[in-house]
1. For the full complex of protein chains and a 1.4 angstrom probe, list 74, 470, 510 by accessible area with the highest value first.
2. Residue by residue through region 163-175, what is 3J(HN,Hα) from phi via Karplus (6.51 cos²θ - 1.76 cosθ + 1.60, θ = phi - 60°)? Round to whole Hz and write x for glycine and proline.
3. Which whole-Hz couplings ³J(HN,Hα) result when phi for each residue of region 398-411 is put into the Karplus expression 6.51 cos²θ - 1.76 cosθ + 1.60, θ = phi - 60°, listed in order with x for Gly and Pro?
4. Quick one: check the C-alpha center-to-center distance for region 158-210 versus region 46-95, whole angstrom.
5. What size of dipole, in debye to the nearest 20, comes out for the chain about its Cα centre when the only charges are +1 on Lys and Arg C-beta atoms and -1 on Asp and Glu C-beta atoms?
6. Using all Cα-Cα distances in region 85-128, what percent lands in each 5 angstrom bin from 0 up to the longest?
7. Tell me, what ³J(HN,Hα) does each residue in region 29-35 have, in order and in whole Hz, if you take phi through Karplus 6.51 cos²θ - 1.76 cosθ + 1.60 with θ = phi - 60° and put x for Gly and Pro?
8. Do you know the relative contact order of the chain, to the nearest whole percent, from alpha carbon pairs under 8 angstrom that are 6+ apart?
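The values are calculated or read from the model by the stated rules, or taken from the named source; none is laboratory data. Note that the structure is predicted; figures quoted are calculated from it, not measured. Reconstructed Cβ throughout: ideal geometry from the backbone, glycine too, with neighbour counts over all protein chains shown. The protein model used for the area step is the full one, side chains on, heavy atoms only, and it has no ligands, DNA or RNA in it. Shrake-Rupley method; radii C 1.70, N 1.55, O 1.52, S 1.80 Å.
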Amino acid sequence: QDRVTANVLPAIFLAVAAFLIHNVLLRLTALQRGQIALLKSFGYGDVSIGLFYLKFALAAVFTGGVAGIALGAWLGAGLAELYTNFFHLPHLAFSLSLSTTLAAVAIAAAAACVGSILAIGRVLKLSPAEGLRAEAPVRYSHGPLQRFGLMGMVPVALRMVLRDLTRKPVKTALSVLGIALSLSLIMIGRYSYDALDEIIRVTFRTAQRDDITLAFNELKGTSVVHSIAAMPGVLRVEPFRAAAVKLKFRHREKRTAITGLYPGHQLRQILDEHEQPVLLPDRGLVLTRQLAKVLGATLGDQVSVEFLDGRRVIAEVEVTRIVDEMIGTSAYMDARAMALAMRDSEAISGAFLAIDPLQRAPLYRQLKTTPGIASVFLRENMLQSFIRTVAENLTMSTAILMLFACAIAAGVIYNSARIALSERAVELASLRILGFSRGAVGRLLLGQQALVTLVALPLGVALGYLLMLWLSVLFSTDLFRLPVVVSARTIGISIGVVLLAAVASALLVWRKVQRLDLIEVLKTRE
C-alpha cells in the first residue's frame, strides 16, 4: 500500500501539475511570439530560447521543492510514529536520505519539463517572418446551432461564449480535462471513507449478525449448545467448528482456517455478489475469491486439505462455490462434511450468540466464570477495533490527499479563468468602449468559465470512478479488498469543492475585470 501511495498518487498529481505548467507557458509564449521571432531573427537558436522559458518551470519546481521536502519530512516523521503505535514497535525512526530527496526533485523537474516542452515547441517551430506577424484569426465556420437554425433562440451573450469555445476546441477540451481531473482527485480522496463504510456495512452488519462469538479451549460435543442457550439473555446459539489447514493446489499452497457451519445458520452468513445468503453444499469446499486467486483454483478443482489439528488428516475436497468477501482469505464447509473429511466425530470449537441487550451484564459475568470458554469476542468491540486501526491510517492519508486535491482544483480553475482573461482582454476592452457595461463584459468571460466547468463535472465523476477501479485493484491484499463504491455524499462534496473553487476564481477574475485599463489593453498591434 505504501508503494502504491508513493508511486501512483504522486504520478496523478504530477500529471495535473505538468498540465498547469503547459497551459501557463503556452499562453506566455503565445503572448510573446513577436519577441521570440525577433530573437530568432537576431540569431538566437531554438535551444537558447527554449531553455529561457524552461527556467520558468524549473523555478516553480525548485521553489516548491524546498517547501515539499520540509513538508515531506514532517509527514514522514508522523507516519513513522503512526506505524510505531499501530504495530507496537519499540522504536521506528524516520530518516530522509539524500538519494530519495534528489529523486523526488528530479521526478518533479521531469514532469515540469514535459509540460514545458509541449508548450514551447509550437512557438519555436515558427519562422521569424511568420512570428513577427500577428496570429491569424480563427477561421469562421457555421456551428451546430446555426446548422439547425437554433442560433436565433440563443441569447447574444451565450452565443458569443459558444462561438469562442467551439472555435478553439483543443484549448476548450484541455480546460475541461483539467477541471475534470481535479474533481476526480477529490473523489479519490473521499474514496477510502466510502470503501470503509461499505466494508463495515457488508461484513459487520450483514454477514456477521451475532453479538458474541465464543471460542472453547478444546473441542466440545454438540450437547454444549443447550447449556449455552440456558444462560441469561441468550436468544439464539449457532455452533461452529474451526480448523487450521494448509490448502494445496498444484504448486501453490496457503495456510488458513476452515469454518464449519451447521445447516440453518443465520448469525454468520456467507454472501454472494448480490449479498444473498449462500447455502453450504453437503459436500465440498467454499472459497473466498481472494483465496481462490491465491491458490489458482476454480470451480470443480480438487484441492488438497491438510488439517493441522488432531491426526493431521489430508483429504481431497472439491471446490463447489467461490464467494466474494472483503476481509481475509477464508474457507467454509458444512460442519458434518468437515467432520467426515477429518475422519472424526462431530464436535464444535465455538458458538455464535444473539443476546438480549438488557441481559448483557449478567451474561458477561457468567461467561467469565464458565470453565471451558477460552475467549469471548464482542462484535461491536471488534468493529470499533477495526475502525480504530484502519480508519486512523485512512483519515491521515485521506486528509492529506484531499488537501492537495483541493489546492490543485483551485489552481486549475483559477489558471483557466486567468488565461481566458488574458486572451480576451482586447475583446473585452473593445466591448467596454462600444458601450457594454462591466457586468455584461464580466458575464461574457465568466459565462465561458461556468460553461466549461459544468461540462467538466460529469466527466470528472466518470474519471474518478475509473481511477477508483484502478486503485481498488492496486490496494487489494490478502488482508482486505477495497470495494468500488461511490456515495452520493462523495460526489456532492467533490462537485461542491470544484464549484467553490470556480466561484472563488470568478471573484478574483471579476476584480481584475473591474480594474481593466482600457487604454493600456488596447495598446497592442493588430
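1. Ranked list, largest accessible area first: 74, 470, 510.
2. 5, 5, 6, 6, 7, 10, x, 5, 4, 5, 5, 5, 5
3. Couplings: 5, 4, 5, 4, 5, 4, 5, 5, 5, 4, 5, 4, 5, x Hz.
4. Spelled out, the Cα-based centre of one part sits 27 Å from the other.
5. Using only the charged Cβ atoms, the result is roughly 1880 debye.
6. Per 5 Å bin, starting at 0, the Cα pair percentages come out as 5, 16, 12, 11, 10, 11, 9, 7, 6, 4, 3, 3, 2, 1.
7. Values, residue by residue: 5, 5, 5, 10, 5, x, 5 Hz.
8. Here the relative contact order equals 21 percent.
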